[in-house]
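Structure, as structure tokens:
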Amino acid sequence: MSDAMVTLLQDWLKAEDDTIEMTNKISATTTNETIRLFMLIVRADSVKHRQIQQFLLDAMTKQAPAISLEEIADISEMINEHLALEQKTVDLGKSLVGQNKLPILKELMQYLLDDEEKHVRLLQSLAAMKEYVHKNT
Ligand SMILES: [Fe+2]
């Protein structure tokens, strides 16, 4: 991994800290429940982003991550089961978003739906790794 990429990732991580600080500041300035919820969402996401960025940094500078055939096999059935559950949440989210006219509610439901779609993608990607591990062992 190039040093330039590592530097970019470190900058990203620092920027994430700044956004967390900003959510605290905005939340402390308002008593509006909706604004505070929006800030809570961004803050929680940013904390999660930090964890992912730290994992990426370690993966790029220490040891590349790997998943063994056995580790995939252990959870293979559960991944499929989980995928079906996430798909259900996507379907429910889509019905609700489609019916909602109130902007704040629609935005929050869309936010959830986007997340659920990301969960489906993550699980599909894990399932695809299973195929990849099978082919390469
Ligand atoms: Fe989900």
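The values are calculated or read from the model by the stated rules, or taken from the named source; none is laboratory data. Keep in mind it's a predicted model, so treat the numbers as computed, not measured. A quick note on method: Cβ atoms are made from the backbone with ideal geometry, for glycine too, and the neighbour counts reach across all protein chains shown.
This table checks each residue for (1) within 16 Å of the ligand (Cβ to nearest atom); (2) in a helix (DSSP H, G or I).
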residue	(1), (2)
M39	no, yes
V42	no, yes
M60	no, yes
I72	no, yes
Q87	yes, yes
K101	no, no
L108	yes, yes
V120	yes, yes
K130	no, yes
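Report yes if L56 is under 30 Å from K106 (Cα atoms) and at pLDDT 95 or above, otherwise no.
Criteria not met by L56.
If I ask for residues that are among the polar types (S, T, N, Q) and modelled with pLDDT of 95 or more, which ones from region 96-122 would you list?
Selection gives Q110 alone.
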